[in-house]
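Bear in mind these aren't lab numbers, they're just calculated from the coordinates by the rules spelled out. On a predicted model such as this, the values are computed, not experimentally measured, just so you know. With ideal geometry, Cβ positions are generated from the backbone for all residues, glycine too; neighbour counts draw on all protein chains shown.
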Amino acid sequence: MPADQAACTAAVLEETPDAVVISNLGVASYVLSGVADRSRNFYLWGSMGSTTATGIGVAYGTDEQVTVLDGDGSLTMSLGVLATVANADVPNLTVVCFDNGTYGTTGGQPTPSIEFAAAAEACGLPANSVETTNGFTEAYSAASNRETASVIECDVTPVDPDSRPMFDFSHITRRVRDALTEE
Ligand SMILES: Cc1ncc(C[n+]2csc(CCOP(=O)(O)OP(=O)(O)O)c2C)c(N)n1
Ligand SMILES: [Mg+2]
């Protein structure tokens with residue numbers, strides 16, 4: 001039985017309550033907003049393939065923990081970004097790829113099967129592949145405490161949550177920026 005995406009997302013917020021969390025468009029953002037709508041949530045809308053790249057940019061701008069919740073379809077679209085993560089100076093970045101084996105947000109079409117952790121390791125990054133919620137929680141704790149960027153591939157059961165985050169892009173961005181710059 002694969003991991004529970006909502007429980008893994010909750011584990012991220014429990015382990016790193018102050019993290020900036022950048023969530024892939026669609027399901028990852030729906031789940032995150034359902035677990036907790038917080039000012040340090042950076043929900044992406046529409047911009048498939050750019051979640052991890054956005055994480056690199058944000059990680060350059062803050063010393064706080066930055067956690068990307070990417071999707072398997074989205075990360076496949078921009079797989080080369082793993083090489084950029086490995087070559088960027090972003091020790092505060094953790095990239096999670098929720099692999100539900102589908103383009104879940106658009107109706108569950110199957111995605112190509114990719115070993116994301118192996119691809120990350122081939123780029124020089126520490127990486128884990130996990131298949132249970134407990135395995136994820138352990139791997140995330142280690143990754144977020146590591147002095148380098150890390151990647152976690154997490155097999156999850158596809159879900160179709162009811163929750164939806166706000167749809168005001170400039171407000172989402174401003175809210176994150178303000179949360180990082182206020183005392
Ligand atoms: C460039 C681009 N192509 C296609 C889409 C349509 N689209 C939105 S979400 C999505 C599926 C994303 O799949 P994945 O990253 O695996 O996330 P999941 O929905 O499974 O959580 C697609 C194809 C888009 N928004 N942008
Ligand atoms: Mg998917």
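Hey, if you put +1 on the Cβ of every Lys and Arg and -1 on every Asp and Glu Cβ in the chain, which of Pro126, Thr102, Gly49 ends up farthest toward the positive end of that dipole?
Positive-end residue among those listed: Gly49.
With a bin width of 5 angstrom, please list the P(r) values of the stretch 44-183 as percents of all Cα-Cα pairs, from the 0 bin to the one holding the largest distance.
2, 10, 19, 22, 20, 16, 9, 2, 0
Can you give the relative contact order of the chain as a percent, counting alpha carbon pairs under 8 Å and 6+ residues apart?
Values: 362 pairs, mean separation 53.0, N = 183.
Dividing the mean separation by the residue count of the chain yields 29 percent.
For the stretch 71-140, run through the GluC sites (Glu not before Pro) and keep only the ones in DSSP coil with at most 13 other Cβ atoms within 10 Å of their Cβ. Can you show the working numbers first?
Details: sites: Glu115, Glu121, Glu131, Glu138; in loops: Glu115, Glu131.
In loop regions of the stretch 71-140 (DSSP not H, G, I, E or B), the sparsely surrounded GluC sites (Glu not before Pro) are Glu115.
Would you calculate the separation in nanometres between label points at Gln109 and Ala179, each defined as 7 Å from the Cα along the Cα-to-beta-carbon direction?
Those two pseudo-labels are separated by 3.2 nm.
Which net charge results when you count Lys and Arg as +1 and Asp and Glu as -1 among the other residues whose beta-carbon is under 11 Å from that of Thr62?
The answer is -1.
Along the Cα→Cβ direction, 7 angstrom out, place labels at Tyr60 and Ala118. What is the inter-label distance in nm?
For Tyr60 paired with Ala118, the spin-label model returns 3.2 nm.
With springs connecting C-alpha atoms under 10 Å apart, model the chain as a Gaussian network and identify which of Pro126, Pro165, Pro110 has the largest mean-square fluctuation.
In this elastic network of the chain, the residue with the biggest mean-square fluctuation among Pro126, Pro165, Pro110 is Pro110.
So for the pair Asn134, Ala7, with labels modelled 7 Å out along Cα→Cβ, what separation do we get in nm?
Distance between the two pseudo-spin positions: 1.0 nm.
Picking from Tyr140, Ser78, Ala7, whose Cα lies most toward the positive end of the charge dipole for the stretch 5-181 (charges on Cβ: Lys, Arg +1; Asp, Glu -1)?
Going by the Cα projections, it comes out as Ser78.
I want to verify the translational diffusion coefficient of the stretch 7-82 in µm²/s; compute it with Stokes-Einstein, Rh as the Kirkwood radius over Cα pairs, at 37 °C and 0.692 mPa s. Don't skip to the end; give the middle numbers.
Values: Rh = 12.3 Å.
This corresponds to a translational diffusion coefficient of 267 µm²/s.
Please report Ile114, Ile22 as a ranked list, fewest other C-beta atoms within 10 angstrom at the top and most at the bottom.
Numbers: Ile114 15, Ile22 31.
Going from sparsest to densest Cβ surroundings: Ile114, Ile22.
Once all Cα-Cα distances of the stretch 107-167 are split into 10 Å bins that start at 0, what whole-number percent is in each one?
That works out to 19, 39, 32, 10, in percent per bin.
Calculated FRET efficiency, Asp160 and Asp18, Cβ-Cβ r, R0 22 Å, to nearest 0.05? Spell out each step's value before the answer.
Details: r = 30 Å, r/R0 = 1.35.
Computed FRET efficiency for Asp160 and Asp18: 0.15.
In what order do Thr181, Thr76 fall by count of nearby beta-carbon atoms within 10 Å, going from fewest to most?
Details: Thr181 9, Thr76 20.
Sorted ascending by nearby Cβ count, the order is Thr181, Thr76.
Mind putting a number on the dipole of the chain about its Cα centre? Charges go on the C-beta only, +1 for Lys and Arg and -1 for Asp and Glu, and I need it in Debye to the nearest 20.
Numbers: 7 positive and 24 negative charges, 97 e Å.
Dipole size: approximately 460 debye.
If we count other beta carbons within 10 Å of each Cβ, what is the order of Thr94, Thr106, Thr9, Thr16, fewest first?
Values: Thr94 29, Thr106 11, Thr9 25, Thr16 21.
The most exposed by this proxy come first: Thr106, Thr16, Thr9, Thr94.
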